[in-house]
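J.: One structure, as structure tokens, below. Some questions next.
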Amino acid sequence: MKNTYACEKCGMSVNAQCGKCNIPLENDFLTINGGEKVQISKCPSCEGKIKSPLCCGEDMSCAA
């Protein structure tokens, strides 16, 4: 499995996969109140969603 998310500041990386489906999570965005977009990770199979990982106080960027 390749690194899914990486911190652009310190180089820390995270492999993220769904614990239910055991497949890699995909980067996505969720539009919330007022039209603000929030970066999330979602499962392409069960469509479960979590807030994308943070490192150094910022969202980690998706390498996929």
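Each value in this text was obtained by applying a stated rule to the coordinates, not by laboratory testing. Since the structure is predicted, the reported quantities are computational estimates derived from the model, not experimental observations. For neighbour counting, all protein chains shown are included, and Cβ atoms are generated from backbone atoms with ideal geometry for every residue, glycine included.
J.: Under unit Cβ charges (Lys, Arg +1; Asp, Glu -1), what dipole magnitude, rounded to 20 debye, does the chain have relative to its Cα centre?
T.: Roughly 160 debye, rounded to the nearest 20.
J.: Can you find, among Gly19, Ala6, Ser61, the residue sitting farthest towards the positive end of the charge dipole of the chain, where Lys and Arg contribute +1 and Asp and Glu -1 at Cβ?
T.: Sorting the options by dipole projection puts first Gly19.
J.: Ok, one more. Pop a pseudo-label 7 angstrom from the Cα along the beta-carbon direction at both Glu8 and Cys56 and give the gap in nm to one decimal.
T.: Inter-label distance under the simple model: 1.0 nm.
J.: Among all the lysines, which ones have a C-alpha under 23 Å from Lys20's C-alpha, if same-chain residues fewer than 8 places away are not counted?
T.: Straight-distance partners of Lys20: Lys2, Lys42, Lys49, Lys51.
J.: Hey, how much of the P(r) for the range 5-62 falls beyond 18 Å, as a percent of Cα pairs?
T.: Tail of P(r) above 18 Å: 37 percent of Cα pairs.
J.: Can you give the extra length, in nm with one decimal, that the chain gains between Asn33 and Asn15 once fully stretched, where that is 0.36 nm per residue apart less the Cα-Cα distance? Intermediate values should be presented prior to the final figure.
T.: On the way: separation 18, 0.36 × 18 = 6.48 nm, distance 2.94 nm.
Gain in length upon complete extension: 3.5 nm.
J.: Would you mind telling me which residue in Gly48, Gly34, Gly11 has the biggest mean-square fluctuation in a Gaussian network model of the chain, where springs connect alpha carbons within a distance under 10 angstrom?
T.: It is Gly34.
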